[in-house]
Amino acid sequence: MYLAKIYVTLKPTVNDPQGLTVRNTLQTLGFSSVRSVRVGKYIEITVDEPTRAKADAHVQEMCRKLLANPVIELFRYELEELRDGTGKASPKRAAQAVRRPAARGPKRTTTAR
């Protein structure tokens, strides 16, 4: 079983009106050092697949078909193996992830063309 942590963001060339609203409001609240804000989505999905390769393929397909709009958005994700079947990483695995983030699995950024 794997936990997919998916990050969906607008492409750099796409205007982000929500980000502009957040930036303006932060500046109004006194956070004058804020220069830009981009708003995106964070999604966690637990996938029950026997291998990392199958989980990877399914998460990519989910992102391409539903979770990200390839015209205006990019996505990347991390896969983390879950051992106890409850949707949470085992304590040992969580400790490894903190010490060595790159060991959690491949990070993918995909651009639709």
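No lab work stands behind these numbers, since they all come straight from the coordinates. If you're wondering where the values come from, they're calculated on a predicted model, not measured in any experiment. For neighbour counting, all protein chains shown are included, and Cβ atoms are generated from backbone atoms with ideal geometry for every residue, glycine included.
Can you list residues whose amide H is under 5 Å from residue 11's amide H, if they're 5+ apart or on another chain and H is modeled 1.01 Å from N?
Amide H neighbours of residue 11: 73, 74.
For region 36-82, state the average projected area of the convex hull of the C-alpha atoms over all orientations, rounded to one decimal in nm².
Values: hull surface 15.9 nm².
Seen from a random direction, the Cα hull of region 36-82 projects 4.0 nm² on average.
What trypsin sites (Lys or Arg not before Pro) does region 1-68 have in DSSP loop regions with at most 13 other beta carbons within 10 Å?
35
Considering only the other residues whose Cβ falls under 9 Å of the Cβ of residue 37, what net charge follows from Lys and Arg at +1 and Asp and Glu at -1?
+2
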